[in-house]
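The values are calculated or read from the model by the stated rules, or taken from the named source; none is laboratory data. Please read these numbers as outputs of a predicted model, since none were measured by experiment. Positions of Cβ are generated from backbone atoms using ideal geometry, with glycine treated the same way; all protein chains shown enter the neighbour counts.
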Amino acid sequence: MLGAIGNDPAVAAKLAIWERSEAVVRFVAECGRKFEPENTCWVDLLDRLPACSAPKDGVMPHPTRFVAMSGYERGVGKKITTQWQRPQRSAA
């Protein structure tokens with residue numbers, strides 16, 4: 001949900017601070033920046049969050065849980081591509 005299109009990084013950062021979840025939001029945003037370096041939303045969000053220690057090892061999911069990864073593409077062969085997962089509008 002943090003990476004949903006239309007989210008305002010300023011509002012997300014403010015809510016993270018209010019809810020004392022800066023470490024969790026920072027972790028997700030750092031993963032987003034790693035997998036989507038061209039998406040300025042992640043950088044903006046990280047800039048607005050205060051510095052804090054990372055969550056303890058094993059508390060947060062592995063960063064690959066936020067992306068869909070392919071291992072084989074027809075005509076290309078073995079190639080790893082990643083796509084950040086976002087909530088989609090319902091077709092209903």
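Observations, loosely collected:
- The set of residues in region 73-92 that are among the charged types (D, E, K, R) and part of a loop (DSSP other than H, G, I, E, B) comprises Arg74, Arg86, Arg89.
- Residue, surrounded by the most Cβ atoms within 10 Å (Cβ to Cβ), within region 47-59, restricted to residues that are in contact with a helix residue (DSSP H, G or I) (Cβ under 7 Å, 6 or more places away or on another chain) and among the hydrophobic types (A, V, I, L, M, F, W, C): Leu49
- Within region 56-67, being of a type in the set (A, V, I, L, M, F, W, C) and either under 18 Å from Lys14 (Cα atoms) or part of a helix (DSSP H, G or I) (or both) holds for one residue alone: Phe66.
- Residues that are in contact with an Asp or Glu (Cβ under 9 Å, 6 or more places away or on another chain) and within 14 Å of Arg26 (Cα to Cα) do not occur anywhere in region 65-79.
- With respect to the conditions (1) in contact with a Ser or Thr (Cβ under 6 Å, 6 or more places away or on another chain); (2) touching a residue at least 40 places away in the same chain (Cβ under 8 Å), Arg86 falls short on a single one, namely (1).
- Within region 1-46, if we keep just the residues that are touching a Pro at 6+ places or on another chain (Cβ under 8 Å) and not in a helix (DSSP H, G or I), the residue that is surrounded by the fewest Cβ atoms within 10 Å (Cβ to Cβ) turns out to be Met1.
- Selection count where residues are at pLDDT 85 or above and either in contact with a strand residue (DSSP E or B) (Cβ under 8 Å, 6 or more places away or on another chain) or surrounded by 11 or more Cβ atoms within 10 Å (Cβ to Cβ) (or both), scope region 64-81: 4
- Answer from Ser53, Ser70 - the residue that is among the polar types (S, T, N, Q), more than 17 Å from the chain's Cα centre (by Cα), over 13 Å from Leu2 (Cβ atoms) and not in a loop (DSSP other than H, G, I, E, B): Ser70
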